[in-house]
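In what follows, a structure is listed as structure tokens, so that the remarks can point back to it.
Derivation of every value follows stated rules applied to the coordinates shown; laboratory data play no part. Being a predicted model, the structure only gives us computed values, none of them experimental. Note that each Cβ is placed from the backbone with ideal geometry, even for glycine, and that neighbours are counted across all protein chains shown.
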Amino acid sequence: MNMILTSATTPDEYIACLAGWQKSFAEALRDTVHATAPELQERLKLGHLVYINNGPVLIIRAEPTRVLFAFFRGKRLWHIEPRLKPGGKYELATLELRPDTPLLRETVVQLVEEAARLNLAVGDPTKASR
């Protein structure tokens, strides 16, 4: 799948470039991440939102048919959200969101809290030994 390409250079511009349900989902996820873990640094990297603290923690990425909510230590979060699909480097796992995907705010809060905690406890997932 291709991400939604934008001319954005900041996280605010990225959200402003989105439309429809993708914008609504991305805004809701972003707002919840900020409220849950304000210590996470938000950056626009490789065309999507990346949240960092002691290495990358999570990603919000809008695509034409879905929004991806991915966690660098997502394989350790299945007990919170069993729909996370493993893939990519590190312990990455991704939740694919479509217009009709149910997702409780409480679940997002638990995922973000645990993902941030894991980065502090275990370290930068991009530097973990394999």
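Laid out as a table, the results:
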{"read-out": "Computed magnitude of the charge dipole of region 11-119 (debye, nearest 20; Cβ of K, R +1, Cβ of D, E -1)", "value": "420"}
{"read-out": "Peptides ranked, highest mean first, by Cβ atoms within 10 Å: ranges 67-80, 93-106", "value": "67-80, 93-106"}
{"read-out": "Cα-centred dipole magnitude for region 75-130, charges only on beta-carbon of K, R (+1) and D, E (-1), debye, nearest 20", "value": "260"}
{"read-out": "Neighbourhood net charge (13 Å Cβ-Cβ; Lys/Arg +1, Asp/Glu -1) for residue 36", "value": "-3"}
{"read-out": "Degrees, to the nearest 10: 20-36 long Cα axis against longest axis of the chain", "value": "40"}
{"read-out": "For the chain, fraction of C-alpha pairs farther apart than 24 Å, in %", "value": "21"}
{"read-out": "Residue 98 versus residue 46: modelled label distance in nm, points set 7 Å from Cα along the beta carbon direction", "value": "2.5"}
{"read-out": "Summed residue charge, Cβ within 14 Å of residue 59's Cβ, Lys/Arg positive, Asp/Glu negative", "value": "+4"}
{"read-out": "Residue 120 versus residue 19: modelled label distance in nm, points set 7 Å from Cα along the beta carbon direction", "value": "4.1"}
